[in-house]
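A short worksheet on the structure shown next.
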Amino acid sequence: LISPTRIAFNDRDRMHTVTLINSGKKTNSYRIEWVEQKVNKQGSYEVLTEQELTDFPIASPYIRHTPRQVTLEPGERQVIKLLARRANDMQNGEYRSHLTFTALPDTRQEETSQGLSMQLNLLMSYSIPVLLRKGELNAVAEIADIQLKTNPNKPMTDIFVTLSKRGTTSLTGSIKAYYTAPGQNNEIHIGTLNGFNFFSESQILTKQIIWVDQPIDLSAGVLRIAYEGAKEFAGQTLAEKRVAVK
């Protein structure tokens, strides 16, 4: 267990902490290190190439973390401290790296076949984005398109939302779908995509909404999609759009 799952250093922030908890039943060691990643056009993470590293604004050179490796007994926790050390010549904008927690194996599983022995070392890891900002927040999001797709092999209508963004700041929040039936005034929350990070390098992304309950008929009525902010954007509606369902 890792909390929080996203860190953002704004202009006045100097230190943040992350809590790592061993929720397993065995004592584990964890290595904590930086990984430099970007988001591709499909919305998935990719490790930056050597060439991309020369241009991508990474945050790791300006953030120190301690400790770098810990050993935790079952249920034990460790606080990881992150300290920002900005350079005087930093350009305004947003810098990002990903802090990765890798559970190191403490046992080796051996598999023998025809006299040959093979050792399997499984490394399980989890990364969280760490953002370092200099200057004002600068981003505007819009919901560019909403598509409803039916599948005869599925009992539900798939809801796809395409979002666009301008500016150099990453946004974070949840994409939520609300439905109002014909002749009704009450709006029903029907779907959510939690923890959606709209990072600075992405201008447009398409995401699928996850139904929160049993799917309902969307052959008529009004569908409202809202990108509702979280963390430093809590309480803000970052983007919103209504469409008539036909």
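The values are calculated or read from the model by the stated rules, or taken from the named source; none is laboratory data. Quantities reported herein were computed from a predicted structural model and do not represent experimental measurements. Glycine gets a Cβ as well: all are built from the backbone with ideal geometry, and neighbour counts include every protein chain shown. The area values use the complete protein model at the heavy-atom level, side chains included, leaving out ligands, DNA and RNA. Shrake-Rupley method; radii C 1.70, N 1.55, O 1.52, S 1.80 Å.
Which entry in (1) 1.03; (2) 0.95; (3) 1.23 matches Cα Rg over 2.2 N^0.38 Å derived from the coordinates of this structure?
Computed from these coordinates, Cα Rg over 2.2 N^0.38 Å corresponds to label (3).
Compare the peptides 178-191, 155-168 by average per-residue count of other Cβ atoms within 10 angstrom and give them in order, highest first.
Values: 178-191: 13.6, 155-168: 16.8.
Highest to lowest by the protection proxy: 155-168, 178-191.
By average Cβ neighbour count within 10 Å, what is the ranking of 129-142, 43-56 from highest down? Numbers along the way, then the final one.
On the way: 129-142: 18.1, 43-56: 11.2.
So the peptides 129-142, 43-56, ranked by packing, come out 129-142, 43-56.
Mind checking the full-extension length gain between residue 2 and residue 19? Use 0.36 nm per residue of separation minus the Cα-Cα distance, one decimal, nm. Kindly include the intermediate steps, with their values, before the conclusion.
Values: separation 17, 0.36 × 17 = 6.12 nm, distance 0.57 nm.
Result: 5.5 nm gained on full extension.
Given a 1.4 angstrom probe, what's the average accessible area per residue across the chain, in square angstrom?
Per-residue value: 59 Å².
Hey, with R₀ at 35 Å, roughly what FRET efficiency would residue 145 and residue 66 work out to, going by the Cβ-Cβ distance, to 0.05? Let's see the in-between values first.
Details: r = 45 Å, r/R0 = 1.29.
The formula returns an efficiency of 0.20 here.
Accessible area of the chain with a 1.4 Å probe: how many percent of it is carbon plus sulfur? All intermediate terms of the calculation are to be shown ahead of the outcome.
Details: 6770 of 14470 Å².
Roughly 47 percent of what the probe reaches on the chain is carbon or sulfur.
Roughly speaking, what is the stretch gain from residue 184 to residue 211, that is 0.36 nm per residue apart minus the C-alpha to C-alpha distance, in nm to one decimal? Write out the running numbers ahead of the final one.
Values: separation 27, 0.36 × 27 = 9.72 nm, distance 2.07 nm.
Roughly 7.7 nm would be gained on extension.
Using the beta-carbon distance between residue 49 and residue 154 and R0 = 30 Å, what value does 1/(1 + (r/R0)^6) give for FRET efficiency, to the nearest 0.05?
With R0 = 30 Å, the Cβ-Cβ based efficiency is 0.20.
Given the pairs 134/165; 38/149; 25/176; 81/207; 81/176, which span a C-alpha to C-alpha distance of over 27 angstrom in this model? Let's see the in-between values first.
On the way: 134/165 19 Å; 38/149 29 Å; 25/176 36 Å; 81/207 33 Å; 81/176 33 Å.
Flagged as over cut-off: 38/149; 25/176; 81/207; 81/176.
If you place +1 on the Cβ of every Lys and Arg and -1 on the Cβ of every Asp and Glu, how big does the dipole about the Cα centre of the chain come out, in debye to the nearest 20?
400
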